[in-house]
2 protein chains.
Amino acid sequence: MTARELARMLGVSQSAVSRAFTPGASIAPELREKIVRFAENVDYHPNAIASMLSKSRTNIVGIVISDMQNPFYPALIEQLSRALQRIGLQSLMFNITRGSDLEEQLSALRRYNVDAVIIISATILSGPTLQWATDGRAAILINRVAEDTELSCVICNNAEGARAIADHFHAIGRRRVAYVAGLSHTTTNRERQNAFITRVAERGMTLSALIDGNEYSYYAGRSAALDILARGETDAIFFANDILAAGGLDALKESGVRVPEDIAVAGFDDISMAAWPHYDLTTFRQPIDTIVDVAVTMLENGSCAPGQPPVIRRISGELIKRGSTGVS
Amino acid sequence: MTARELARMLGVSQSAVSRAFTPGASIAPELREKIVRFAENVDYHPNAIASMLSKSRTNIVGIVISDMQNPFYPALIEQLSRALQRIGLQSLMFNITRGSDLEEQLSALRRYNVDAVIIISATILSGPTLQWATDGRAAILINRVAEDTELSCVICNNAEGARAIADHFHAIGRRRVAYVAGLSHTTTNRERQNAFITRVAERGMTLSALIDGNEYSYYAGRSAALDILARGETDAIFFANDILAAGGLDALKESGVRVPEDIAVAGFDDISMAAWPHYDLTTFRQPIDTIVDVAVTMLENGSCAPGQPPVIRRISGELIKRGSTGVS
DNA sequence: ACGCGCGTTGCATACGGATGCAAGATCAGG
DNA sequence: CCTGATCTTGCATCCGTATGCAACGCGCGT
């Protein structure tokens, strides 16, 4: 069923049908009403593909992701895709894998003429690939900053969070603190690590250990915690995110360490698991709602369009104190 | 840069350009070579939208999901979207929300002319809505069966799993067992629950409790476990999935119950968390790889096309024995 | 040398809807 | 009743690629 057929049946022109389904188009209310009603009967709905072709607007946003293991990302993606749907945009998912040819994986991003690209992959994509993938279209990075490229981004204030953790450790009397990195070269890690180390020094605390987990995983957190435990001298650990912290917490408890009495533990993100009684993890909450709102607003007002100067939006988070630092 | 412009520059016809990018098209190898090479220089790539319009094939699969909180689904979706990408299909994500108007949320599914629909939402969608959403196109349900509609599906052998758990409980000497449902009306729950109860009776064990958690969540698992504990009389609990089981396990341990000595615990799915030393959860693994393979194969060979009779593919799983039933 | 057949190429048109422009309809004011 | 302004409507064309069909060229067999 096409607009032309429908038009013929009603004895109107195809343009009329098109206008009936175009908000704000120049058409008499009665005609629109008549067409829309008849369309429902014969189950006509405008073909989005044809519309894309003539309007050169797809209403599709490409979402590039690489890590669905860390629950923070599914939660973010879920909210994001819903927010986009609410304003009439669909999400085309690009689940990229380290290793295989990225340009091949992302080639559809260009061929499909997506209106915008949202990149949530903290790692993997190098500057040039980013540039290539987003070339000539609106783009937003979430949770990483562009290094050499000029892209807008929405990112949690990692430094603020890391300082809040450091201050909190200091406030509860800890003086020999450790930091466990996830992937050390990621934006998020660098910002958290640098700010934490700096504030630790400023507060006169000692950085008793600095470990690179090499991945943001539960098991990396476990072995990092055991390393720290083996060398002693630590009374608080800041893990670069909650998944690492969860592993660390479990490993410490299994080793007979009392948390928080012997060692306090903090994470970052505030994934739902952090609130589970078993973990009861102090952490710095990344406000997913706000991140999504800001990103969607940037899309709507075009401030991330290709010509525009890149915008960096820092989102404030919130320290959530829980039992793993003794405040439960 | 369009095919026509490129063609004019090279002094060939637009058809030639089209053929150069169409595998198997009738074109001389040298001409194709020449066009493809030149295209790279001027950064031409075929416009997928236009191609969709003329071929009336989009290479897009709509993926309908509703629950990203249970880690099983992100894991499944990640694998699925990668497998689809590998055969040249992109995934358009439809994250639906209970409550708001589903037909509105899914209207894009029809307007976008997706080649196929894969529905992973265990709940929410009623029969008629399913019918409406998939009308006239290839469709596959994953992890639920169609009730009154004629749709193909790929689903874990839930009954097999539930029986394996019951048998395992019996084998380790448990006789008073409980079952904790997630959403009781879902396909997965009903199949697991019925098979479990039946086998429990066959083995001469007693069903000491049957609780409906009303949702597949950690907290529902906790309160179910506490309920069961309060009424005593139970030495093994089968939770309808791993997230429930995780909550249940934690609640039991916090109450001073020894697992598995006092009460053995089993889940279903084998999400990555189940293997964590802290949970060390006996569970029935749903083989995500196989499920994805089968679904993708069905798409490829067209056995789920609109005209075809519905196919139901039962996927066998595997009992993973761990510490929560004493086998660690 | 002629004719047939196969492999290439271009032409024309289709896919379904959007939109600038002009024509027609409607209405108010004089 | 006439004129001009405003609102509706239809016509024609465009978006960028795919493809059936006809035309062309080349090589081979007789």
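Odds and ends about this structure:
- Segments classed as strands (runs of 3 or more DSSP E), wholly inside segment A:219-328, with at least 1 members that are surrounded by fewer than 20 Cβ atoms within 10 Å (Cβ to Cβ) and either free of Cβ contacts under 8 Å to residues at least 60 places away in the same chain or over 25 Å from the mean Cα position of the chain (by Cα) (or both): A:282-285, A:318-320
- Here residue B:64 does not fit the description of being part of a loop (DSSP other than H, G, I, E, B), out of contact with any Asp or Glu (no Cβ under 9 Å at 6 or more places or on another chain) and of a type in the set (A, V, I, L, M, F, W, C).
- Here residue B:15 meets each of (1) within 9 Å of DNA strand D (Cβ to nearest atom); (2) without any contact (Cβ under 8 Å) to a residue 12 or more places away in the chain; (3) more than 10 Å from chain A (Cβ to nearest Cβ); (4) open to solvent by 60 Å² or more (accessible area, probe 1.4 Å) with one exception, condition (4).
To keep it simple, each residue is scored yes or no on (1) free of Cβ contacts under 8 Å to residues at least 24 places away in the same chain; (2) touching a Gly at 6+ places or on another chain (Cβ under 7 Å); (3) open to solvent by less than 50 Å² (accessible area, probe 1.4 Å).
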position: B:6; (1), (2), (3): no, no, yes
position: B:23; (1), (2), (3): yes, no, no
position: B:33; (1), (2), (3): yes, no, no
position: B:37; (1), (2), (3): yes, no, no
position: B:50; (1), (2), (3): yes, no, yes
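- Selected residue (criterion: least open to solvent (accessible area, probe 1.4 Å)) from residues of segment B:85-108 that are facing another protein chain (nearest Cβ under 9 Å) and assigned to a helix (DSSP H, G or I): B:108
- Single match in A:77, A:118 (criterion: under 11 Å from the mean Cα position of the chain (by Cα), part of a strand (DSSP E or B) and more than 16 Å from DNA strand C (Cβ to nearest atom)): A:118
- Residue that is nearest to DNA strand D (Cβ to nearest atom) [pool: residues in segment A:18-34 that are over 28 Å from residue B:60 (Cβ atoms) and outside any loop (DSSP other than H, G, I, E, B)]: A:31
- Entry remark, segment B:53-84: residues being at the interface with chain A (Cβ under 8 Å from one of its Cβ atoms), of a type in the set (Asp, Glu) and in contact with a Ser or Thr (Cβ under 8 Å, 6 or more places away or on another chain) number 0 in total.
- Candidates B:37, B:82, B:57, filtered to the one that is among the basic types (Lys, Arg) and not in a helix (DSSP H, G or I): B:57
- Matching entry among A:107, A:26 (being within 16 Å of DNA strand C (Cβ to nearest atom) and of a type in the set (Ser, Thr, Tyr)): A:26
- For segment B:33-52, the set of residues classified as aliphatic (A, V, I, L, M) and either within 13 Å of DNA strand C (Cβ to nearest atom) or in contact with a strand residue (DSSP E or B) (Cβ under 9 Å, 6 or more places away or on another chain) (or both) consists of B:35, B:36, B:48, B:49, B:50, B:52, listed by residue number.
- Residue selected from segment A:109-124 under the condition among the aliphatic types (A, V, I, L, M) and open to solvent by 10 Å² or more (accessible area, probe 1.4 Å), by the criterion farthest from residue A:298 (Cα to Cα): A:124
- Flag if residue B:198 is assigned to a helix (DSSP H, G or I), β-branched (Val, Ile, Thr), more than 14 Å from chain A (Cβ to nearest Cβ) and crowded, with 17+ Cβ neighbours inside 10 Å: no
- Single residue of segment A:39-48 satisfying the filter (surrounded by fewer than 19 Cβ atoms within 10 Å (Cβ to Cβ) and either within 14 Å of chain B (Cβ to nearest Cβ) or aliphatic (A, V, I, L, M) (or both)) that is farthest from DNA strand D (Cβ to nearest atom): A:43
The values are calculated or read from the model by the stated rules, or taken from the named source; none is laboratory data. The model shown is predicted, which means the values in this text are computed figures rather than measured ones. Ideal geometry is used to build each Cβ from the backbone, glycine not excepted, and the neighbour counts take in all protein chains shown. Surface areas here come from the heavy atoms of the whole protein model, side chains and all, with no ligands, DNA or RNA. Shrake-Rupley method; radii C 1.70, N 1.55, O 1.52, S 1.80 Å.
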